[in-house]
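Undergrad: Here it is: the structure, laid out below.
Bear in mind that the values in this text are calculations on the coordinates, not laboratory data. Just so you know, these numbers come straight off a predicted model, no measurement behind them. No Cβ is skipped: glycine too gets one built from the backbone with ideal geometry, and neighbour counts run over all protein chains shown.
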Amino acid sequence: MAKPTTNTFPWSGSQPWDVDVLVVGGGPAGLAALTRLRWLKTMNPIPLSVVLVNSGPLGGLAKLGNSILTGPSLAFPAGELVARLKKDLATYPAPIITQTVVSVAKKESLFITTLADGTTISSISVIMACGMLDLRNIHSFWQKGVTATFGNRANIGAILKKELSASKKPLILGGVHLLQLREMILEINPGATLLIDGKTQQSNENTIWGTLDHIDRNAKEMRVNIQTEKGVVSLETDRIVIEFNSLELKRPALPQGLVARANGYLQEQNHQGLYIAGDCGGPPFSAVVALGEGTKAGLSAYRYAHEFKYGSPAPLFAYYGDDSVGADTTDDYQLQDEDIPVHLLDHWPPGADPALWPQLDGRTAIGKLKKTHKNIYAQITALLEQRAITLCPRRDHT
């Protein structure tokens, strides 16, 4: 599936919004949410559209080091968790826009999300899963000039001493609490530079306030581009150390229009249709928490957007139960999840065949369907324009 650029928005359609659900962030939380929006065990057709906005490579922090879910017996070697999440995305793909989100605001009943290039996307629901730090392409240099602190307080000092002593021009990336380690860092290596992720203060000697933009590498060193309030600063370094404790204590920045707690992480809001998942919601930080919150956010956004759009609850019996199934249920009672929902009949385009509905399952090739359904492409186009469905094409479709 070709990845659309922001120039393809707004998508054509009869509804006054561009996409039903917008997911911000492509780490474990965002990818889990995206998967559950595209893959629902109770229904074959997916009557909602979704787009992912992600500024860098898919995976987020899960691309750095191992991902331990509940303990050593349930752990993924570096990159394997991301590989599995990307495999699901390849099976149930969604459009991806490689951009940074600048602001999110609710205007009347819809959310308006503004991107760095000035593009705006309107949606029924938004899932914020933007993590604790925008890593851009730093994962490409992991254990190849880039490392990180981890563990307890003693480990932080030991790792910094080891890494800084072996470097000529080290760069230490962290949050505002990194300033508490400044004296110790410069005592170990006077040539060190601290990069404080944020734009609240002006840079000074040995300390830069800004946002990591990109890393390039020549034979011996890395060139780091940093976006500051006065423009882009470029510097060379032979080692980058991510100091996670300072980042976990306070998140540097969030898109405008969102409510943050004192520690900078997202706070639950009263906006119906806005959901928070993963590290951007604050501690505890864990891959399994991110996956769980992403899954919950995906299903919650699905329920909200479905009812907003069609005026009745989504048929998600497998996840939330069904209070219409009472004690007097007979043995021959059957749920009709595979049939076209009654409330969609009002949106069904003239001339479209309702028998087509259960076959739009994301697994049956359009080439096969056109043998039994005349004007298949016109029917699907009409359903898409009416927002009755969103296709889930596989890469092996013809």
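Undergrad: Set the Förster radius R0 to 25 Å, insert the Cβ-Cβ distance between Ala260 and Tyr320 as r into 1/(1 + (r/R0)^6), and round the FRET efficiency to 0.05.
TA: Numbers: r = 30 Å, r/R0 = 1.21.
Working from the Cβ atoms, E equals 0.25.
Undergrad: Ordered by packing density, taken as the mean number of other Cβ atoms within 10 Å over each peptide's residues, highest first, how do 310-317, 295-302 rank?
TA: Top of the packing list down: 295-302, 310-317.
Undergrad: Moving on to the next point. Compute the normalised compactness of region 138-249: alpha-carbon radius of gyration over 2.2 N^0.38 Å, N being the residue count.
TA: 0.98
Undergrad: Let me ask you something else. Counting only other residues whose beta carbon sits under 10 Å from that of Arg223, what net charge do I get with K and R as +1, D and E as -1?
TA: Numbers: positive: Arg217; negative: Asp216, Glu221, Glu236.
That sum, taken over residues with Cβ under 10 Å, equals -2.
Undergrad: Determine the dipole magnitude for region 138-249: charges of +1 sit on the beta-carbon of Lys and Arg, -1 on that of Asp and Glu, nothing else is charged, the reference point is the Cα centre, and the result goes in debye to the nearest 20. The partial results should precede the final answer.
TA: Details: 13 positive and 13 negative charges, 57 e Å.
It works out to roughly 280 debye.
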